[in-house]
Structure formats: C-alpha cells, structure tokens
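Trainee: Have a look at this one.
The values are calculated or read from the model by the stated rules, or taken from the named source; none is laboratory data. Just so it is clear, the model here is predicted, and its values are computed rather than measured. Note that we place each Cβ from the backbone using ideal geometry, even for glycine, and neighbour counts take in every protein chain shown. Protein only, heavy atoms only, side chains kept; ligands, DNA and RNA dropped before computing areas. Shrake-Rupley method; radii C 1.70, N 1.55, O 1.52, S 1.80 Å.
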Amino acid sequence: MAWPPSARAQLGGILLALFGWVSSCVTTIVPLWKNLNLDLNEMEVWNVGLWHACVIQDEGPTECKAYDSLLALPLVFRLARILMITANGLGFLAFFLALWGMDCLKTSSKNTELKRQLGVVGGVFFCLSGIVTLVPVSWVAYNTVQEFWDETVPDIVPRWEFGDALFLGWFAGFFLLVGGLLFICSTCWQETPQPSKLLPTYPRREAPNQPRLPNRHQYTATKNADLVI
C-alpha cells in the first residue's frame with residue numbers, strides 16, 4: 001500500500017529529528033567541548049567536556065577524570081549541563097509523541113484529530129529541543145572565542161580552542177529544528193478522511209387501498225336474478 005505524501009514527509013521529518021537527538025546525546029557525553037594544545041609539550045592534548053576532562057598522550061593511554069564538584073565548574077559549564085539534559089529529555093518525549101501522531105499508524109477514525117494534535121506537539125518539542133541544544137553549544141563557543149582573543153592574557157599562555165563536540169552540537173540542533181518543522185508542516189497538511197455522503201433513503205409508501213367497483217357482469221347477473229324471483 002502506497003503511503004500518501006504527508007506520511008512520507010512525516011517519516012523524513014522524524015528520521016532527521018531522531019538523528020539530531022542522537023547527536024545531541026553524544027554531544028552531552030563526550031569530553032570534546034574544548035581542547036588545548038601545549039606548546040611546551042606537544043605530546044599531550046587536553047580535552048574537556050561537561051562531565052570530565054581527559055589528557056591524550058601520543059605514546060601512552062588516555063587518562064580521564066571526572067570533575068570533583070559541580071560548584072567548582074565555570075558557570076557556563078554548569079548551565080550547559082542543565083540545558084543539554086533538558087534538550088535530551090524534550091527530544092525523547094517528542095519522539096514518542098510524533099510516533100503516535102504519524103499518519104502511517106492507523107487508528108480509529110474518532111482519534112484522527114487527537115493524532116494530529118499529538119503530532120504537532122511532538123514537532124514543537126523537537127524544535128524546542130533543537131533550540132535548547134544550540135544555546136549552550138553557542139554559549140561555550142562564544143566564551144572560547146572571548147578567552148582566545150583576551151588581550152590581558154600573555155601570548156605565551158596556551159589558549160583553549162573549539163572541540164569536535166561543538167560542531168556536532170550545532171549539527172544536532174540544526175537537524176532537530178529542520179526535522180521538527182518538517183514534521184509539523186506534514187502533520188498540518190495531511191488529509192482528513194471525510195465520511196462518505198449517502199443519499200437519504202425514505203420508506204416506501206404504498207398506495208392506499210382503493211375501493212373495488214362491482215363488476216359490470218356481476219351487477220347484471222344479480223339484476224336478472226331479481227327479475228326471475
């Protein structure tokens with residue numbers, strides 16, 4: 001059975017948003033938000049994330065350590081933790097709402113309007129998840145640029161630079177936004193099944209019983225019998 005165009009657009013939107021949500025979860029976990037290359041020791045590369053910091057050595061194992069205290073983190077990292085967890089939760093909830101509101105999932109005709117509402121809400125949650133993902137990623141990137149070009153810091157001091165997680169976070173927010181908007185548009189434009197219009201039927205009216213007229217020959221025979229009597 002061929003799917004209508006709205007159902008195919010919904011499927012494309014939910015796949016894009018799902019890819020963005022998985023990328024957002026990976027961005028939250030990996031310690032690649034900022035990296036630091038030491039000029040004095042080129043054999044080591046420092047990477048930091050929201051949960052732990054790692055030291056990558058060319059001739060040795062990678063060592064990672066979790067942060068000792070949340071309060072010891074910079075303000076931007078503390079808020080980034082909260083916002084990324086919120087974005088992942090919104091994306092998780094949006095996936096199930098959008099899945100229930102898909103046109104290819106057949107339900108009774110009475111739930112058509114409810115399915116459309118759930119689909120729109122799921123698409124809105126995808127968009128919110130994308131926006132909430134972009135905010136901390138862009139904020140950390142802005143602070144990194146400010147620290148890199150800080151003239152009060154001597155040039156000999158190493159500077160933090162963008163990590164790979166920031167680029168992955170930007171792609172995740174973009175895919176969540178595009179997928180959510182596509183899902184909302186396809187849900188609003190999907191065709192609503194109209195009930196078939198049947199012509200009204202009326203009960204068959206029978207003609208009223210007409211009084212039977214006496215047969216002419218019967219009337220004549222009766223009259224002749226009277227004359228014989």
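Trainee: Chymotrypsin sites (Phe, Trp or Tyr not before Pro), restricted to region 121-180: which are DSSP loop and have at most 13 other Cβ atoms within 10 Å?
Mentor: Answer in residue order: 149.
Trainee: Shifting gears a bit: Hey, with R₀ at 35 Å, roughly what FRET efficiency would residue 58 and residue 82 work out to, going by the Cβ-Cβ distance, to 0.05?
Mentor: 0.50
Trainee: Calculate, in nm to one decimal, what residue 159 and residue 75 gain on full extension: separation in residues at 0.36 nm each, minus their alpha carbon distance. Intermediate values should be presented prior to the final figure.
Mentor: On the way: separation 84, 0.36 × 84 = 30.24 nm, distance 1.88 nm.
The span from residue 159 to residue 75 would gain 28.4 nm if fully extended.
Trainee: Hey, what do the phi angles of region 146-156 turn into as Karplus ³J(HN,Hα) couplings, whole Hz, using 6.51/-1.76/1.60 and θ = phi - 60°, x for Gly and Pro?
Mentor: Here the 3J(HN,Hα) series is 4, 6, 5, 9, 6, 6, 6, 8, x, 5, 6 Hz.
Trainee: Taking the mean number of other Cβ atoms within 10 Å as a proxy for protection, how do you rank 12-20, 50-58 from highest to lowest?
Mentor: On the way: 12-20: 21.2, 50-58: 14.9.
In descending order of packing, they fall as 12-20, 50-58.
Trainee: Using the Karplus curve 6.51 cos²θ - 1.76 cosθ + 1.60 with θ = phi - 60°, what ³J(HN,Hα) values do you get for each residue of region 74-90, in whole Hz, with x for Gly and Pro?
Mentor: x, 4, 5, 6, 5, 5, 5, 4, 4, 5, 5, 5, 4, 5, 5, x, 5
Trainee: A further question follows. Mind listing the long-range amide H neighbours of residue 163? Cut-off is under 5 Å, sequence gap 5 or more, other chains count too, H placed in the peptide plane at 1.01 Å from N.
Mentor: 34, 35
Trainee: Right, something else. Going through region 16-108, which GluC sites (Glu not before Pro) have at most 12 other Cβ atoms within 10 Å and a DSSP loop state?
Mentor: Values: sites: 42, 44, 59, 63; in loops: 42, 59.
Filter output for region 16-108: 42, 59.
Trainee: Report D for region 23-151 in µm² per second (integer): Stokes-Einstein, Kirkwood Rh on Cα pairs, 25 °C, 0.890 mPa s. Walk me through the numbers before you get to the answer.
Mentor: Working: Rh = 17.4 Å.
Estimated diffusion coefficient is 141 µm²/s.
Trainee: DSSP loop GluC sites (Glu not before Pro) in region 125-178 with at most 15 other Cβ atoms within 10 Å of their Cβ, which ones?
Mentor: 151
Trainee: Rounded to the nearest 10 Å², what accessible area does residue 116 have for a 1.4 Å probe in the complete protein model?
Mentor: Surface accessible to solvent at residue 116 totals approximately 50 Å².
Trainee: Also, I was wondering about something else. Spelling out what I want: for every residue of region 171-178, take phi, set θ = phi - 60°, compute 6.51 cos²θ - 1.76 cosθ + 1.60 (Karplus), and round to whole Hz; glycine and proline get x.
Mentor: These are the phi-based 3J(HN,Hα) values: 5, 4, x, 5, 5, 5, 5, 5 Hz.
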